[in-house]
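The values are calculated or read from the model by the stated rules, or taken from the named source; none is laboratory data. Source: prediction; values computed, not measured. Here the Cβ is made from the backbone with ideal geometry for all residues, glycine too, and neighbour counts use every protein chain on show.
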Protein chains: 2
Amino acid sequence: MTDSSAGLASPDYLVLGMVRLGARSGYEIKRMVELSLRFFWTISPAQIYPSLERLERSGLVVGRPEALGRRRRRAFAITSAGEATLQAWLRKPEPIPFELRDLGLLKLFFADALDKRDALALLRAIERRSRERVAALQAIEPAALATEAQGAAYPLLTLQLGIAFHRAMLEVCREFEPKLSAESAGLRTDATG
Amino acid sequence: MTDSSAGLASPDYLVLGMVRLGARSGYEIKRMVELSLRFFWTISPAQIYPSLERLERSGLVVGRPEALGRRRRRAFAITSAGEATLQAWLRKPEPIPFELRDLGLLKLFFADALDKRDALALLRAIERRSRERVAALQAIEPAALATEAQGAAYPLLTLQLGIAFHRAMLEVCREFEPKLSAESAGLRTDATG
DNA sequence: TTCTCCATGTAAGTAGTTACATGATTGG
DNA sequence: CCAATCATGTAACTACTTACATGGAGAA
């Protein structure tokens with residue numbers, strides 16, 4: 001027991017989990033994240049490649065050089081030790097923080113500093129962002145459904161969670177808007193017709 | 001025009017905005033954030049105090065020593081330049097990223113690696129977290145209502161957004177649960193009665 | 001007197017991003 | 001031949017957290 005699973009950080013588990021789901025190279029991991037996880041976790045190549053090395057040194061993945069023509073590439077696969085480590089992490093009853101660090105909500109919080117017209121513009125910008133996010137997430141839903149058909153149901157669930165809470169944000173914003181518009185009606189904003 | 005507003009980062013605007021809302025010391029800013037913004041933006045004293053200094057050097061806040069007995073304390077107030085800078089930031093039509101970096105959703109994404117029983121436990125843990133968050137947010141709603149009565153409506157709006165999307169998460173999780181429970185019924189989990 | 005809260009600040013460390021460097025392959 | 005994509009990696013920087021240091025004031 002060398003406790004090879006110690007000292008892994010969240011991004012390492014992300015990499016490990018993506019390899020488990022079939023991403024074989026650092027590049028494929030990056031692409032898969034862009035197509036799925038990126039709405040609630042991002043990762044950059046500068047994290048992925050060192051992470052793959054750490055995982056390999058710990059025996060959680062195995063990589064072998066796999067030339068595509070003369071182009072270098074390493075093909076990774078998860079080991080049984082890797083499976084066990086991933087499961088242990090998923091089962092660990094650690095406290096799960098929830099942090100948004102969202103620039104939009106930060107701005108909105110301070111919107112009382114603006115006049116009604118500018119505040120409305122900010123609110124609308126945040127609504128637009130959520131609408132666009134919903135659309136983007138729905139666009140990748142077919143891919144998630146395909147993944148589900150192959151036995152992985154949770155990527156679809158997390159996608160639906162993303163859609164659901166942007167919809168919830170939209171609803172609350174829309175409920176709030178009339179208050180604003182009513183009060184600013186006297187200002188005769190020009191582009192409402 | 002020395003362009004004193006250049007080079008401010010988001011945490012600086014948070015500090016500036018909090019001073020505008022009446023937080024007078026670094027300590028009060030920290031406390032106010034804990035009671036309101038913390039669910040979508042956090043900040044530590046190690047950021048607050050240097051930030052206050054930067055803001056003062058730029059003329060966006062003024063601080064004067066205000067002894068409470070012999071206890072040291074600096075009382076800050078926003079300047080008109082500070083008001084203008086805050087408003088300019090709020091009006092700036094920059095792209096607004098939305099990043100969650102949520103450990104719970106990261107784990108859930110990979111939950112297919114678990115057996116049904118453990119996956120259900122993880123799902124329940126995430127549900128519990130959202131329930132607790134809703135309760136915590138509702139607990140500070142009276143404070144936000146008081147703030148609204150004093151003329152700041154947006155802290156309440158952002159609070160309601162927080163509540164709304166945790167409720168949305170709960171709803172999606174609850175819809176998903178039966179799928180899991182049905183499939184794992186044959187496993188005879190022991191502690192369900 | 002001791003505990004908790006008020007209050008300010010720094011040093012060291014961790015985590016993450018951006019920008020860059022390199023080079024092969026494919027398709028127009 | 002040029003652009004886009006595939007593919008791997010590093011250096012430098014920025015951002016943020018944790019842990020610590022300091023000390024007054026009020027309450028038990």
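Restricting the range A:25-80 to residues that are more than 14 Å from every other protein chain (Cβ to nearest Cβ), under 25 Å from residue B:100 (Cα atoms) and of a type in the set (Lys, Arg) leaves a set whose member that is surrounded by the most Cβ atoms within 10 Å (Cβ to Cβ) is A:30. When B:161, B:137, B:145 are checked against the criterion of being under 15 Å from the mean Cα position of the chain (by Cα), more than 9 Å from chain A (Cβ to nearest Cβ) and closer than 30 Å to residue A:120 by Cα, a single residue qualifies: B:137.
Comparison of A:46, A:23 shows that the only residue that is farther than 26 Å from residue A:141 by Cα and either near DNA strand D (Cβ under 9 Å from one of its atoms) or of a type in the set (Gly, Ala, Ser) (or both) is A:46.
Put simply, of B:80, B:36, B:10 the only residue that is more than 12 Å from DNA strand C (Cβ to nearest atom), farther than 26 Å from residue B:156 by Cβ and small (Gly, Ala, Ser) is B:80.
Residue by residue, here is whether (1) within 16 Å of DNA strand C (Cβ to nearest atom); (2) touching a residue at least 24 places away in the same chain (Cβ under 8 Å) holds:
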| residue | (1), (2) |
| --- | --- |
| B:44 | yes, no |
| B:49 | yes, no |
| B:60 | yes, yes |
| B:73 | yes, yes |
| B:85 | no, yes |
| B:93 | no, no |
| B:113 | no, no |
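Of all the residues in the range A:97-124, those that are within 7 Å of another protein chain (Cβ to nearest Cβ) and surrounded by fewer than 17 Cβ atoms within 10 Å (Cβ to Cβ) number 4.
On the given criteria, is residue B:143 over 20 Å from residue A:99 (Cα atoms), touching a helix residue (DSSP H, G or I) at 6+ places or on another chain (Cβ under 8 Å) and modelled with pLDDT of 95 or more? Criteria not met by residue B:143. If the condition is being free of Cβ contacts under 8 Å to residues at least 12 places away in the same chain and outside any helix (DSSP H, G or I), then the range B:132-169 contributes B:150, B:151, B:153.
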